[in-house]
Amino acid sequence: MNKEKLRRSLLYVSGSKPGGISQAPFYGSDCIIYDLEDSVPITEKDAARFLIFNTLKKKRPENIEIIVRVNGMDTPFAEQDLEAIVRAKPDIVRFPKIETPEDVKLADEYISKVELEAGIEVGSTRIIAGMETHTGVLNAREIATASKRIVAISIGGEDFTASMKTTRSVEGMEMFYARNAILIAARAAGVQAIDTVFSDINNTEGLIEDTKLIKRLGFDGKYLIHPRQVEPVNNVFTPNKKEIQNAVRILKALEEANKKNLGVVALDGKMIDAPVVDRAKRVIALAEASGVIAGGEI
């Protein structure tokens, strides 16, 4: 699986809501997360696990990345979750409340055991490691490199701010350090960074501003808790026409300079250096992955 796969919008669906599971593929999110953790009452864990297993085996949505959030490795449900879910072959297992690299290594070992028993290629089940406390954030770099299965790491805002003895605000200043710590760890490890949910489903303007902020910081995508959040988040992350046109011009200028063996590349009187080229390539790649353009054509 490509670690750079498009993951702008990752929509949670409770494992105890059959109706939500059947409808989730129609909302346009890049990924669906079937949840076995917080949204599922303890008394319904077994039923939710059975439902998600059978959904993956018999009615798996096509052409969309499927993630399952299991219960934490420190709970009595984690091993039962992995025993069932890994056999159903989701693309990714999303772990909550990861605090140390040992948590990831334990999860990796257990997944490997189930893969081996089930005849599944060992290593094919990927991991997103979620950090939700100050301890997890402090260990982000070691966590991000603790397993080759990891395709992304993420921050959980509500639990993190609780661990810091504060509360979340719309502006998100209390999250600023943690978000950047996660981002730096992700970039150093060569994996993606996913941002926390925006809890107020009725505040679309706030969601858009929050998404613009995390896009500027460098995040690759955002967890969502309601279908109506999908379109605004996808729109923010998808490059606009002006950004795409500028990227195309930069890459064409580079191409022309290379043909002429010019050592210096310039556009509109400004030097084009490696970081500018890298950003242009990323804009084009994101536009292509989003379906806005094909083959670099607007």
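The values are calculated or read from the model by the stated rules, or taken from the named source; none is laboratory data. The shown structure was predicted, so the numbers you read here are calculated from the model rather than taken from an experiment. Cβ: placed from backbone, ideal geometry, glycine included. Neighbour counts: every protein chain shown. Calculation scope for accessible area: heavy atoms of the full protein, side chains included, ligands and nucleic acids excluded. Shrake-Rupley method; radii C 1.70, N 1.55, O 1.52, S 1.80 Å.
Table: residues versus (1) open to solvent by less than 70 Å² (accessible area, probe 1.4 Å); (2) under 25 Å from residue 129 (Cβ atoms); (3) modelled with pLDDT under 95.
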{"site": "15", "(1), (2), (3)": "yes, yes, no"}
{"site": "19", "(1), (2), (3)": "yes, no, no"}
{"site": "29", "(1), (2), (3)": "yes, yes, no"}
{"site": "33", "(1), (2), (3)": "yes, yes, no"}
{"site": "42", "(1), (2), (3)": "no, yes, no"}
{"site": "46", "(1), (2), (3)": "no, no, no"}
{"site": "54", "(1), (2), (3)": "yes, no, no"}
{"site": "62", "(1), (2), (3)": "no, no, yes"}
{"site": "65", "(1), (2), (3)": "yes, yes, no"}
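Quick check, is residue 163 at pLDDT below 95 and polar (S, T, N, Q)? So that I can check it myself, show each step before the final result.
Values: at pLDDT below 95: no; polar (S, T, N, Q): yes.
No: the conditions fail for residue 163.
Conditions first: (1) outside any loop (DSSP other than H, G, I, E, B); (2) open to solvent by less than 10 Å² (accessible area, probe 1.4 Å). Residue 219 passes all but one, so which condition is the exception?
(1) is the only condition that residue 219 fails.
So, in segment 223-269, how many residues would count as being open to solvent by less than 90 Å² (accessible area, probe 1.4 Å), touching a residue at least 12 places away in the same chain (Cβ under 8 Å) and within 29 Å of the chain's Cα centre (by Cα)?
Of the residues in that region, 22 qualify.
What do you reckon, is residue 158 assigned to a helix (DSSP H, G or I) and surrounded by 15 or more Cβ atoms within 10 Å (Cβ to Cβ)? Reasoning before the result, please.
Numbers: assigned to a helix (DSSP H, G or I): yes; surrounded by 15 or more Cβ atoms within 10 Å (Cβ to Cβ): no.
For residue 158, the condition - assigned to a helix (DSSP H, G or I) and surrounded by 15 or more Cβ atoms within 10 Å (Cβ to Cβ) - is not met.
What do you reckon, is residue 75 of a type outside the set (Phe, Trp, Tyr), crowded, with 16+ Cβ neighbours inside 10 Å and free of Cβ contacts under 8 Å to residues at least 12 places away in the same chain?
On the way: of a type outside the set (Phe, Trp, Tyr): yes; crowded, with 16+ Cβ neighbours inside 10 Å: yes; free of Cβ contacts under 8 Å to residues at least 12 places away in the same chain: yes.
For residue 75, the condition - of a type outside the set (Phe, Trp, Tyr), crowded, with 16+ Cβ neighbours inside 10 Å and free of Cβ contacts under 8 Å to residues at least 12 places away in the same chain - is met.
Consider segment 135-155. How many of its residues are touching a Gly at 6+ places or on another chain (Cβ under 6 Å) and open to solvent by 10 Å² or more (accessible area, probe 1.4 Å)? Explain how you work it out, then say what you get.
Within segment 135-155, the subset touching a Gly at 6+ places or on another chain (Cβ under 6 Å) is 154.
Filter again for open to solvent by 10 Å² or more (accessible area, probe 1.4 Å), leaving none.
Counting residues in segment 135-155 that are touching a Gly at 6+ places or on another chain (Cβ under 6 Å) and open to solvent by 10 Å² or more (accessible area, probe 1.4 Å) gives 0.
Under 29 Å from residue 132 (Cα atoms), in a helix (DSSP H, G or I) and hydrophobic (A, V, I, L, M, F, W, C): is that true of residue 236 in this structure?
yes
Condition test on residue 209, is it within 22 Å of residue 104 (Cβ to Cβ) and touching a residue at least 24 places away in the same chain (Cβ under 8 Å)?
Working: within 22 Å of residue 104 (Cβ to Cβ): no; touching a residue at least 24 places away in the same chain (Cβ under 8 Å): yes.
Considered against the rule, which asks whether it is within 22 Å of residue 104 (Cβ to Cβ) and touching a residue at least 24 places away in the same chain (Cβ under 8 Å), residue 209 comes out as no.
Going through segment 240-267 one residue at a time, which ones are assigned to a loop (DSSP other than H, G, I, E, B) and more than 25 Å from residue 215 (Cβ to Cβ)? Show your work before the answer.
Going through segment 240-267, the residues assigned to a loop (DSSP other than H, G, I, E, B) turn out to be 240, 260-265.
Listed by number, the residues that qualify are 260, 261, 262, 263, 264, 265.
Given the conditions (1) open to solvent by less than 10 Å² (accessible area, probe 1.4 Å); (2) more than 20 Å from residue 58 (Cα to Cα), report the number of the one that residue 99 does not fulfil.
(1)
Among the residues of segment 120-134, is there at least one that is open to solvent by less than 20 Å² (accessible area, probe 1.4 Å), assigned to a helix (DSSP H, G or I) and either touching a helix residue (DSSP H, G or I) at 6+ places or on another chain (Cβ under 9 Å) or over 24 Å from residue 228 (Cα atoms) (or both)?
Checked segment 120-134: no residue is open to solvent by less than 20 Å² (accessible area, probe 1.4 Å), assigned to a helix (DSSP H, G or I) and either touching a helix residue (DSSP H, G or I) at 6+ places or on another chain (Cβ under 9 Å) or over 24 Å from residue 228 (Cα atoms) (or both).
Does residue 8 meet the test of being at pLDDT 95 or above, basic (Lys, Arg), touching a Phe, Trp or Tyr at 6+ places or on another chain (Cβ under 6 Å) and surrounded by 16 or more Cβ atoms within 10 Å (Cβ to Cβ)?
Details: at pLDDT 95 or above: yes; basic (Lys, Arg): yes; touching a Phe, Trp or Tyr at 6+ places or on another chain (Cβ under 6 Å): yes; surrounded by 16 or more Cβ atoms within 10 Å (Cβ to Cβ): yes.
So residue 8 passes the test.
Checking residue 175 against (1) of a type in the set (A, V, I, L, M); (2) in contact (Cβ under 8 Å) with a residue 24 or more places away in the chain; (3) open to solvent by less than 50 Å² (accessible area, probe 1.4 Å), which test does it fail?
Among (1) of a type in the set (A, V, I, L, M); (2) in contact (Cβ under 8 Å) with a residue 24 or more places away in the chain; (3) open to solvent by less than 50 Å² (accessible area, probe 1.4 Å), the lone unmet condition for residue 175 is (2).
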